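**Q** Take this structure, written in structure tokens, and hold onto it; I'll ask about it next.
The values are calculated or read from the model by the stated rules, or taken from the named source; none is laboratory data. All values reported here derive from a predicted model rather than from experimental measurement. Ideal geometry is used to build each Cβ from the backbone, glycine not excepted, and the neighbour counts take in all protein chains shown.
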Amino acid sequence: MNIVDTILYQCRRQPPAAAICVPGPGTRLISYRRLERSIHNVTRRLHASGLPPGSVVAIGVKDLILHIVVMLAAMRLGMITVSLPEREVSLAVGIDALVCDSNQPFVMGGSGIFLADESWLEGDGEPLAAHLLPNVNEEDPCRLILTSGTSSIPKAVAFNHDLVARRMARHVTFGNRLANCSRIYCDLPVSSSLGFQFLIHVLWRGGMAVFAGENFPSTLRAIQDYNVQCLLGSPGGFENFLRWVEATPAYQGDIELIVCAGDALSVPLSQRLRSRICSHLVSIYGSTEASMTAVANAHEIAAVPRAVGYVTPGVTVQIIDESDTLLPLGEEGQLRIRSEFAVDGYFRNSEESAKVFRQGWFYPGDQGRLNADGLLVITGRQHAVLNLGGDKVSAESIEFVLTQLPGVLEAAAVAVPNANGISEVWAALVTRDQIDEATLRAYCEARLSHQFAPVKYLFVKSLPHNENGKLDRRRVLEEIFTSSPPAR
């Protein structure tokens, strides 16, 4: 089955219903009737291009509704789509064509570049003749998701039609509230694994997918006007969401469920979300490669620092040492995951695949421990270890201490060489109110070993995150400390 067929089925069953909303100027709202006609119009246009099934088509269209329609039309024709994230001018895989809305710089191996605009959505809405549609097997790849995975090297994970369907079926692990939510706001981009997955999830059910608009006031109005029931986002995204909501005392939402993914959910953020937005908050730990690994209600894990959830059915998690020896429950070590919903390698990249896919296991590069009841605790990442003149410490352990100080919303710790070439800890902080640096320094020195306490602090409005909502440490170092270094 082609996953787009079910969306077209919903289009025929409830044409007047709202399908996608992107607040702001231009195309703000599209009904299922218009979605169906637009898919058919773009399908005919792409078919006329001569691109065969199996072609890798990159989409660099900023208008989100046009972006989604091009993606669905291409997948219906058996093509493999990949959304081009912002700031990217090259991809981890060779592509056969690029659909974009401007002449942007791009490195590609194919020769087809198609400039798209809203005229692509117009036409008589007649479907492509059935005999011209390819026979799509459920094992055929339809979507690529770019990920840095366990390193900073970009790679692509391929989803086929069957895997998309099986991953969406796992949403039962979120509890029974999601089944009653047909209007969902997604703060994750469609270029991310979960953002794409939830878009298909909503359209398969005939629901309404709401995305972030050009500014927060318009987004908040849409959430209220369309009675959004569920919020999906990352900790960083929800922090920004809360900042605006707390500045809008009149906000009264009808949110029934919040789903938080992309990074560990801190206790302070969890408490603020549950008290101001919705008491039903679900935390997810997973990856593009292996899907959801652990899930829990936030209140269940609030008492266990860095707990991310309970291992889900169909997934096995083991904690091992550097020689792949299984460690006893409760001991800290490296994670490896075996899942019925995982891929077995990166798309057209056997070299990177061999590093993290071995004998049916995926090695995500995380450190943690597993309790007897299946509760998974993530203590850090192998590649987030700071080497300070021979003394090593995980960046997450320092960030955890920093975020326990009331008023600190988010923190990033990096290693920066001093005048003698010895690395020392610098920290970037997002705070709710102004914090006296002397107080902050005394607080850290009382809780961290002398060599691990930050020597420099920088207060910023926000920290950079990747497409999946995880802290982007490389950009923290390059964009924050390089452009605005703390005074020595």
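**Q** For TYR346, work out the one condition from (1) touching a helix residue (DSSP H, G or I) at 6+ places or on another chain (Cβ under 6 Å); (2) not assigned by TED's automatic domain parsing to the domain that holds MET168 it doesn't fulfil.
**A** Status for TYR346: all satisfied but (2).
**Q** In segment 301-322, what residues are of a type in the set (Gly, Ala, Ser) and either modelled with pLDDT of 95 or more or surrounded by 15 or more Cβ atoms within 10 Å (Cβ to Cβ) (or both)?
**A** Correct list: ALA302, ALA307, GLY309, GLY314.
**Q** Of ALA415, ALA428, which residue is at pLDDT 90 or above, surrounded by 14 or more Cβ atoms within 10 Å (Cβ to Cβ) and not polar (S, T, N, Q)?
**A** ALA428
**Q** Scan segment 23-40 for residues that are in a loop (DSSP other than H, G, I, E, B), at negative phi and either in contact with a Gly (Cβ under 6 Å, 6 or more places away or on another chain) or not assigned by TED's automatic domain parsing to the domain that holds LEU128 (or both) and report the count.
**A** Summing the residues that are in a loop (DSSP other than H, G, I, E, B), at negative phi and either in contact with a Gly (Cβ under 6 Å, 6 or more places away or on another chain) or not assigned by TED's automatic domain parsing to the domain that holds LEU128 (or both) in segment 23-40 gives 1.
**Q** Out of all the residues in segment 318-332, which are within 18 Å of LYS355 (Cα to Cα) and either part of a strand (DSSP E or B) or not assigned by TED's automatic domain parsing to the domain that holds GLY360 (or both)?
**A** Residues satisfying the conditions are GLN318, ILE319, ILE320.
**Q** Could you tell me whether ARG44 is outside the structural domain of ASN466 (by TED's automatic domain parsing), basic (Lys, Arg), at pLDDT 90 or above and closer than 15 Å to PRO134 by Cβ?
**A** Criteria met by ARG44.
**Q** Does segment 51-76 hold any residues that are part of a loop (DSSP other than H, G, I, E, B) and of a type in the set (Gly, Ala, Ser), and which are they?
**A** Across segment 51-76, the qualifying residues are GLY54, SER55.
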